[in-house]
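Remarks on the structure that follows.
Read-outs: derived from the displayed coordinates by stated rules, not from any lab. From a predicted model like this one, the values you see are computed outputs, not experimental measurements. As a convention, Cβ positions derive from the backbone with ideal geometry for all residues, glycine included, and neighbour counts pool all protein chains shown.
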Amino acid sequence: MLLKRSIEEKILEKLQPNKVVILLGARRVGKTQLVKSILSKINEPYLLLNGDDVEMLQALETRSVSNYNRLLGSTRFLVIDEAQEIPDIGAKLKLMVDSVDGLKIFVTGSSVFDLTNKLGEPLVGRKTTFYLYPFSQMEFAEQENFFETKAHLEERLIFGGYPELIHLDQTKDKIDYLKEQVNSYLLKDILAYEGIQKRDKIVSLLQMIAFRIGSELSLESIGNDLQISKNTVEKYLDLFSKVFIIYKQTGFRRNLNNEITKKSKWYFMDNGIRNTLINNFNLINARDDIGQLWENYLHSERTKMLDYKGMHHSSYFWRTHNKQEIDRIEDRDGKLFAYEFKWKESKKVKAPSAFTNAYHNASFECIDRENYLDFIS
């Protein structure tokens, strides 16, 4: 099964002369396959380079217009895979788009801390950035019906949505793939950054987050448990988010003095990665963390959908000191939308009174297995 990626058409629209399109995403989420699909639809010559290629790095080393004209020849479409590996990539791309008339550039990268910093300031006004995630439910929905989707829900809660998994039939093969993904790619990317060598601390911190999905985390307490400083915990969490492993949800506060905002919650972009870190691939009926799996899945799928559809929003959790809480608050165009997540159907769930009294115009909805597809696709 070869699924069409939701952002393919948007990328094609943004490939314009003297502009740079950036595609970011974790390793193995399908960036290279998406590049191939896009190139198959481009009716013009292109030059494809790879940031891992030593000869290519040497060819780009001299930052001059004459060098780039020699490299490009008559080609006016440049594609660079894993562009974060190229020193001074932002300045080099700026010189190209400013100096080579009609040049379109498409670059991919698998780590934000390398690529965004290098591409940011030099390309202000010249770039459009897209993010690619593991397969989303809205992408699966293009090739499966309602009953097939329902049948696959448990598998996606456990193994996640990395593209390679759809080609693997055996549970053992899926587990082996995910373990390789964590050990050979995600952890390797983190440990390569600034010579970080504390693999045991990195793994322990990720496992702590995995076990505490949906809970507010005290960085100071985590630091004490791991015997590292609060600043080091913050640094590691920032790195995890920049290689697309986790993302942060902050507390929502506007009207009430007892609303909690000092602590954050952290979620994984993919359930399969989360379950790999805690080595738990048991079926749903043999688990005691189905609430956490469900919450993580809905948050990540909702994030993918809103991003792919270009729906600008800010998301939060809401909780008061007397423990009234809501799983997700979205601020979209100045309007508030509140969502509570329940694995079991719960038609009688109501918004906490403190929330409805403080935010009269906010909507509230409980998301369960009966209506979740409307929420994420």
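On full extension, the segment bounded by GLN207 and ILE290 gains 28.2 nm, given 0.36 nm per residue less the C-alpha separation.
The dipole here belongs to segment 142-376: it is taken about the Cα centre, uses +1 on the Cβ of Lys and Arg and -1 on the Cβ of Asp and Glu, and is about 860 debye. If the segment from THR32 to ASP333 were pulled out straight at 0.36 nm per residue, it would be longer than the present Cα-Cα gap by 104.9 nm.
Simple spin-label estimate for TYR193 and LYS179 gives 2.6 nm between the two label positions (7 Å along the Cα-to-Cβ direction from each Cα). The C-alpha atoms of the chain define a longest principal axis, and helix 230-242 lies at about 60 degrees to it. Spin-label model, GLN227 to TYR46: label points 7 Å out along the Cα-to-beta-carbon direction sit 5.1 nm apart.
Counting only Cβ charges, +1 for Lys and Arg and -1 for Asp and Glu, the dipole size of segment 8-131 around its Cα centre is about 320 debye.
Determine the shape class of segment 179-225: with a ≥ b ≥ c the square roots of the Cα gyration tensor eigenvalues, call it rounded for a/c under 1.5, and otherwise prolate if a/b is greater than b/c, oblate otherwise. Judged from the Cα gyration tensor, segment 179-225 comes out oblate (a/c at least 1.5, b/c at or above a/b). Computed from Cα atoms, the angle from the helix 290-308 axis to the main principal axis of the chain rounds to 40 degrees. Per-residue 3J(HN,Hα) values for segment 64-77, derived from phi via the Karplus relation 6.51 cos²θ - 1.76 cosθ + 1.60 with θ = phi - 60°, read 8, 5, 5, 5, 6, 5, 5, 5, 7, x, 8, 5, 10, 9 Hz in sequence order (x marks Gly and Pro).
Shape summary of segment 258-331, radius of gyration then Dmax from alpha carbon positions: 14.4, 39 Å. Taking each residue as 0.36 nm, the span from GLU365 to PHE281 lengthens on full extension beyond its C-alpha to C-alpha distance by 27.2 nm. Projecting the Cα positions of GLN249, SER300, GLY109 onto the charge dipole of the chain (unit charges on Cβ atoms of Lys, Arg, Asp and Glu, taken about the Cα centre) puts GLN249 furthest along the positive direction.
Shape summary of segment 187-282, radius of gyration then Dmax from alpha carbon positions: 14.1, 44 Å. Set the Cα radius of gyration of segment 8-131 against 2.2 N^0.38 Å, with N its number of residues, and you get 0.95. Farthest toward the positive end of the dipole of the chain, out of LEU237, PRO134, GLY272, is the Cα of LEU237, where the dipole comes from beta carbon charges about the Cα centre. Using θ = phi - 60° in the Karplus curve 6.51 cos²θ - 1.76 cosθ + 1.60, the 3J(HN,Hα) couplings for segment 139-146 round to 7, 4, 5, 5, 10, 9, 8, 4 Hz; x is entered for Gly and Pro. DSSP assigns beta bridges within the chain; of those with both partners inside it, close to 40 percent run antiparallel.
Between 0 and 90 degrees, the angle of helix 199-211 with respect to the longest Cα principal axis of the chain falls at about 50 degrees.
Charge dipole of segment 67-190 (Cα centre as origin; +1 on each Lys and Arg Cβ, -1 on each Asp and Glu Cβ, all else neutral): 600 debye, rounded to the nearest 20. Toward the positive end of the charge dipole of segment 142-376, about the Cα centre and with charges on Cβ (Lys, Arg +1; Asp, Glu -1), which of HIS167, SER314, PHE375 goes farthest? About the Cα centre, the residue reaching furthest to the positive side is SER314. Between ASP98 and LEU168, the simple spin-label model (points 7 angstrom out along Cα→Cβ) gives 4.6 nm.
Residues THR129, THR108, THR261, arranged from fewest to most other Cβ atoms within 10 angstrom of their Cβ, appear as THR261, THR129, THR108.
Rg over Rh for segment 231-377 works out to 0.96, both radii taken from alpha-carbon positions and Rh defined as the Kirkwood radius. Taking amide hydrogens as placed 1.01 Å from N in the peptide plane, the amide H of PHE341 sits under 5 Å from those of ASP327, ILE367, each at least 5 positions away in sequence or on another chain. Expressed as a whole percent, the proportion of Cα-Cα pairs in the chain lying more than 29 Å apart is 48%. A simple rule links phi to the HN-Hα coupling: the Karplus curve 6.51 cos²θ - 1.76 cosθ + 1.60 with θ = phi - 60°, which for segment 263-275 gives 9, 10, 10, 10, 10, 8, 5, 9, 4, x, 5, 4, 5 Hz, with x for Gly and Pro.
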